[in-house]
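Structure first, then comments.
The values are calculated or read from the model by the stated rules, or taken from the named source; none is laboratory data. Predicted, not measured: the structure shown is a model, and the values here were computed from it. Here the Cβ is made from the backbone with ideal geometry for all residues, glycine too, and neighbour counts use every protein chain on show.
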């Protein structure tokens, strides 16, 4: 047990890694940044399903009711590398970044309950865009550069309990916090000084999610799981400053006169989100699952709205389907028979709408599509220990090149280490 606590303590010292840039998407310029999926590597490898997952082989963040089935102390650490190919009407560009995905610890509470707490990114900002204005001769007459960095993280604590046989309930609370910096630099030809508009915002707020999970054994080795979660409406507040000043470009960027120096406030309101799921399978062999979630439009106000004049939101939804296959969980003769094989698909209407043309009222929806697969590699066969190295791969496309927008084709590689064992055991020999 002391060894396990030492490992966890060491891991927690690296929580500052969440401050690194986790997005290279131009869409992170909008709102409070690009949403970071809260799914585990196991869930992502199956298209994001998890609302009705209730298996000892799948660690899930989707439904806090699933925490009631935690039978072993489990801690997990994950990272990812994301490669993006950006395409618009004028050409292509590639970029990539690596980041830490989450840290979490799950501990059983008796035989009918468990809780999980952890830390993971919530949104990410990381972009550098330029807009050139050409004169009648095709030469650049004005350059505007948009840059941003930062994002938000979330600390969460969830509890699951089984008050009635085969029916579990769960509750999860989160605290969201972070900082976002944006700037707009403008320079015109034959004008000695340029201008720079800078905003910094501190984001914070609380959230709450409730879940239900029902298990029904249809026959021997065939189990149906039904799950549902409700993420309550919550509002994140923003406070910070905005500055506008002139620049000299003679020797790099040299600030000159301050034109504007104000404090600013804003809000980011997330509506109630409902998720429904169903899964069918043999808990020790295979499982097929589907998930569907939907929500109303996100609302922005104050400085967050002013910073995003080309942004609008509508209702969003997501459909996921996926599953896993485990040839023989207790195989002694073959290592590969104890490997978990996962695959899935995801179709999402993000609810994000962007005006790429500048025409009043012309907004285009930004949709997302992904295909994923992965494996769970066993790392030991000791008694009371089931540890795995999980590898996940996802190919997807977001956005479009129509109406001045940008299309993203991305590849995500995620890796997690999930260590599970029994911390508290009675001594058999005193």
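What the table shows:
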item	result
Subset of segment 183-211 (residues that are over 30 Å from residue 302 (Cβ atoms) and more than 22 Å from the chain's Cα centre (by Cα))	189, 190, 191, 192
Yes/no for residue 168 being assigned to a strand (DSSP E or B) and farther than 30 Å from residue 229 by Cα	no
Residue match in segment 383-396 (condition: out of contact with any strand residue (DSSP E or B) (no Cβ under 8 Å at 6 or more places or on another chain), within 24 Å of residue 76 (Cβ to Cβ) and part of a loop (DSSP other than H, G, I, E, B))	yes
Subset tally (residues that are in contact with a helix residue (DSSP H, G or I) (Cβ under 6 Å, 6 or more places away or on another chain) and more than 17 Å from residue 343 (Cβ to Cβ)) for segment 389-415	1
Among the candidates 361, 356, residue that is outside any strand (DSSP E or B) and on the phi > 0 side of the Ramachandran plot	361
Members of segment 330-347 found to be outside any strand (DSSP E or B) and closer than 17 Å to residue 58 by Cβ, listed by number	338, 339
Residues of segment 314-323 that turn out to be in contact (Cβ under 8 Å) with a residue 40 or more places away in the chain and surrounded by fewer than 19 Cβ atoms within 10 Å (Cβ to Cβ), as a count	2
Residue, modelled with the highest pLDDT, within segment 308-326, restricted to residues that are outside any strand (DSSP E or B) and closer than 20 Å to residue 347 by Cβ	315
Checklist (1) surrounded by fewer than 24 Cβ atoms within 10 Å (Cβ to Cβ); (2) at pLDDT 85 or above; (3) assigned to a loop (DSSP other than H, G, I, E, B) applied to residue 46, failing item	(1)
Any chance residue 97 is more than 22 Å from residue 56 (Cα to Cα) and touching a residue at least 40 places away in the same chain (Cβ under 8 Å)	yes
Subset of segment 324-343 (residues that are within 23 Å of the chain's Cα centre (by Cα) and either free of Cβ contacts under 8 Å to residues at least 24 places away in the same chain or at positive phi (or both))	none
Residue in segment 84-94 that is farthest from residue 420 (Cα to Cα), counting only those that are out of contact with any helix residue (DSSP H, G or I) (no Cβ under 9 Å at 6 or more places or on another chain) and surrounded by 15 or more Cβ atoms within 10 Å (Cβ to Cβ)	87
Some residue of segment 328-338 being closer than 19 Å to residue 40 by Cα and touching a strand residue (DSSP E or B) at 6+ places or on another chain (Cβ under 8 Å)	no
Selected residue (only one of 276, 272 is under 26 Å from the mean Cα position of the chain (by Cα) and closer than 30 Å to residue 238 by Cα)	272
The one condition in (1) crowded, with 16+ Cβ neighbours inside 10 Å; (2) closer than 25 Å to residue 193 by Cβ that residue 234 fails to fulfil	(2)
Qualifying residue in segment 242-258 (condition: free of Cβ contacts under 8 Å to residues at least 12 places away in the same chain and either at positive phi or assigned to a strand (DSSP E or B) (or both))	yes
Output for segment 54-80, where each listed residue is at pLDDT 85 or above, in a loop (DSSP other than H, G, I, E, B) and under 19 Å from the mean Cα position of the chain (by Cα)	60, 61, 62, 63
Filter result for residue 181 (surrounded by fewer than 15 Cβ atoms within 10 Å (Cβ to Cβ) and more than 26 Å from residue 238 (Cα to Cα))	no
Filtered residue count, segment 81-111, keeping only those that are farther than 20 Å from residue 156 by Cα and either outside any strand (DSSP E or B) or touching a strand residue (DSSP E or B) at 6+ places or on another chain (Cβ under 9 Å) (or both)	19
Segment 204-231: number of residues that are under 18 Å from residue 122 (Cβ atoms) and crowded, with 16+ Cβ neighbours inside 10 Å	5
